[in-house]
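This report refers to the structure that appears directly beneath it.
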Amino acid sequence: MPIDFTALVPYNIGLKKKILYHFYVFFMGGSKSYRFHGRFQKWIRSFLFSKIIRDCGKNPYIEREVDFDRFITVGNNFRVGERTTIGRSFIGNNVTIGTGVYIIDGEYNSRGDPNNRITDNQRMPLKPIIIEDYVLIYTNAIILKGVKIGKGAIVGAGAIVTKDVPEYSIVAGNPAKVISKRELVSIDPYYWRKKNFI
């Protein structure tokens, strides 16, 4: 996916997107029910998400209590689980993010006077995260700023990713380290459905 770094440049959000964001917050909690109203709220959240962010592909699927930066770029078939926070980032096609994941694009300078509270003056420059196609990020993982996760990589549950992840690698731990490589049968997201396994 080509990366448009102009997405880092602040732009006028506009009244329309601000209003849409307030609607999104209203539906953010939603219902865990799989009855009509639960599915309808998921559709509303996904629709509003696609209209609020900088650029969005087809078929986003947004679960409950997902918070996100409006300057993100997302590819097709994006899936994200509950209680996830997404900072400024470039996300490719067919990416799945689990529950409780934090994707953090910034930090504060901790070298100031320890007797003073941390203020916005100590905020470090933002560095976007790049997540390439077919990446799978499991529950409660933390992705720190400036990290690039290569195509087809898997980030294990609870991993804290501080460095770039090579393509088709499986990383886990704190800090995250490569523990294996993926042996792919197919990177077609509908492979298992075609095989009638689900």
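Would you please name the residue that is surrounded by the fewest Cβ atoms within 10 Å (Cβ to Cβ), looking only at residues in the stretch 65-80 that are outside any strand (DSSP E or B) and modelled with pLDDT of 90 or more? Among those that are outside any strand (DSSP E or B) and modelled with pLDDT of 90 or more, it is Asn76.
If you go through the stretch 133-167 and keep only what is in contact (Cβ under 8 Å) with a residue 60 or more places away in the chain and among the polar types (S, T, N, Q), you end up with nothing.
Restricting attention to the stretch 137-161, the residues that are part of a strand (DSSP E or B) and either among the aliphatic types (A, V, I, L, M) or closer than 16 Å to Ser180 by Cβ (or both) total 8. Taken residue by residue, the stretch 44-53 has at least one member that is modelled with pLDDT under 90 and either of a type in the set (D, E, K, R) or under 19 Å from Lys163 (Cα atoms) (or both).
Sub-7 Å Cβ pairs linking a first residue in the stretch 75-90 that is within 13 Å of Asp55 (Cα to Cα) to a second residue that is charged (D, E, K, R) and modelled with pLDDT under 90, at least 6 apart or interchain, are Arg88/Asp69; Arg88/Asp105; Ser89/Asp105, ordered by first then second residue. Residues in the stretch 162-196 that are more than 21 Å from the chain's Cα centre (by Cα), of a type outside the set (A, V, I, L, M) and either modelled with pLDDT of 90 or more or not in a loop (DSSP other than H, G, I, E, B) (or both): Ser180, Lys181, Tyr191, Trp192, Arg193, Lys194.
The values are calculated or read from the model by the stated rules, or taken from the named source; none is laboratory data. Everything quoted here is computed from the prediction, not taken from an experiment. Every residue, glycine among them, receives a Cβ derived from its backbone with ideal geometry; neighbour counts consider all protein chains shown.
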